[in-house]
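In what follows, a structure is listed as structure tokens, so that the remarks can point back to it.
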Amino acid sequence: MNTHHDTRTVIIVAGEASGDSHAGALAEAMMRQNPNLRMIGVGGKAMTEAGVELVANIKSLNVMGLTEIVRKLKSILHVFLTLLKLLRETSPGLLVLVDFPDFNLLLARFAKRYNIPILYYISPQLWAWRPKRTKTIARLVDKMLVILPFEEDFYGNSGINAEFVGHPLLDALRDVPGKLEARKALGIKDKTTLIGLLPGSRPSEIRRLAPVMLEATKYIRRSNPETEFILPLAKTIHRKDFPFLSDNKIEHLRIFEGQTAIVIKTCDLIIAASGTVTLESAILGTPLVIVYKLSPFTYFLARQLIRVPYIGLVNLVARECLAPELIQHDVTPFRIAEEALCILGDRNRQEYLLKRFFDVKRLLGTPGAADRAAKIALHLLNTNYSSQ
């Protein structure tokens with residue numbers, strides 16, 4: 001194996017929509033700080049717009065849970081083999097892995113054999129379910145950049161070179177307008193009680209969660225007949241693939257494509273799939289109910305592995321159950337409506353949540369995560385090859 005690496009080439013790999021967004025911001029910052037870089041990888045629209053040459057699209061990898069992985073195994077394997085060939089042929093100066101742990105840590109094993117330095121950005125959430133895998137990361141990863149405040153200590157205590165760079169959402173949400181302005185932009189009346197439905201960014205999540213959320217709207221309207229609903233579809237999702245998402249059939253529901261942050265800001269409350277959106281909601285100051293549902297087999301395995309008191313990131317950062325969590329069998333229309341109405345009917349609770357959401361935002365650091373991460377990545381690139 002040729003040990004001479006091309007320090008102008010960086011390979012960057014993301015496996016889903018949120019990873020693509022973060023990887024795109026990082027790639028853009030790295031190329032701004034070093035215009036001579038060539039970045040190649042796996043991602044989506046954000047990475048393409050940042051100037052990354054894609055060898056495969058995240059659509060080939062976009063799965064959730066073991067049952068979905070089995071169905072897409074052939075395309076996942078094809079992407080993996082394409083990347084292995086790329087690592088061998090380009091011998092890049094740095095491999096940047098963004099979240100997507102099962103795929104990316106396997107890729108890291110091969111990169112390590114080729115002596116390619118590895119930077120991990122948006123760390124896998126091993127603190128939640130696989131603490132033993134920290135030994136693997138300590139062996140494979142040269143630098144771990146974390147975006148949640150408690151992760152630096154968790155990884156650091158496991159002998160991993162980890163650094164907290166702040167959360168990228170603080171940049172992504174910096175220009176979101178205030179609530180009144182957001183409502184004006186979306187054509188929502190000031191006094192309307194508005195609930196957002198956010199069933200996730202993966203097709204499997206939408207199939208599991210959207211129908212039950214839509215059914216919950218009927219219970220909510222029985223108690224609050226004036227309530228309106230809004231559903232922002234992730235950019236990765238095509239509405240025509242989901243017949244039940246037709247706003248012609250569902251009363252008092254508007255569907256938007258994209259514009260998730262503005263939609264969250266306009267809402268009095270959101271009902272959301274567990275994920276980054278729970279932090280987004282806290283940063284924007286919108287109360288929420290978290291729902292989480294997996295295939296029965298994946299859920300059975302998850303129950304054996306989960307090691308944290310909450311599943312919602314907002315609750316984990318706050319170390320308090322600020323957003324009610326409905327998991328698996330509790331994800332029913334009645335329970336969703338019940339939790340939503342409890343929050344909407346309690347002014348004191350809403351004020352307390354706003355105060356605690358401000359604390360969560362402060363704990364997430366300051367804007368500039370991608371720039372800080374890019375600086376560290378380029379330092380790693382140059383340090384490893386300063387003698388070349």
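The table for this structure:
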{"item": "Whichever residue in the range 88-105 is in contact with a Pro (Cβ under 9 Å, 6 or more places away or on another chain) and charged (D, E, K, R) and, among such residues, is farthest from ALA17 (Cα to Cα)", "result": "ASP102"}
{"item": "Test: residue in the range 45-54 that is farther than 17 Å from ASN382 by Cβ and at pLDDT below 95", "result": "yes"}
{"item": "Filtered residue count, the range 269-300, keeping only those that are at pLDDT below 95, over 18 Å from ALA234 (Cα atoms) and β-branched (Val, Ile, Thr)", "result": "1"}
{"item": "From GLY166, GLY159, residue being at positive phi and modelled with pLDDT of 95 or more", "result": "GLY166"}
{"item": "Of all residues in the range 30-49 being surrounded by fewer than 22 Cβ atoms within 10 Å (Cβ to Cβ) and within 21 Å of the chain's Cα centre (by Cα), the one that is nearest to LEU73 (Cα to Cα)", "result": "LYS45"}
{"item": "Failed item in (1) more than 18 Å from PRO287 (Cα to Cα); (2) assigned to a helix (DSSP H, G or I); (3) of a type in the set (S, T, N, Q), with SER201 passing the rest", "result": "(2)"}
{"item": "Residues of the range 144-175 satisfying the condition of being surrounded by fewer than 20 Cβ atoms within 10 Å (Cβ to Cβ), out of contact with any Ser or Thr (no Cβ under 7 Å at 6 or more places or on another chain) and not in a helix (DSSP H, G or I)", "result": "PRO149, PHE150, ASN157, GLY159, ASN161, GLU163, LEU173, ARG174, ASP175"}
{"item": "Cross-chain or 6+ apart pairs with Cβ under 8 Å, the range 99-113 first and polar (S, T, N, Q), then surrounded by 16 or more Cβ atoms within 10 Å (Cβ to Cβ) and outside any helix (DSSP H, G or I)", "result": "ASN104/VAL13; ASN104/GLY15; ASN104/LEU97; ASN104/VAL98; ASN104/TYR120; ASN104/PRO124"}
{"item": "Given (1) free of Cβ contacts under 8 Å to residues at least 40 places away in the same chain; (2) of a type in the set (A, V, I, L, M, F, W, C); (3) within 16 Å of ARG221 (Cβ to Cβ), index of the condition ALA340 fails", "result": "(1)"}
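The values are calculated or read from the model by the stated rules, or taken from the named source; none is laboratory data. Keep in mind it's a predicted model, so treat the numbers as computed, not measured. Methodologically, a virtual Cβ is constructed for each residue, glycine included, from the backbone with ideal geometry; neighbour enumeration extends over all protein chains shown.
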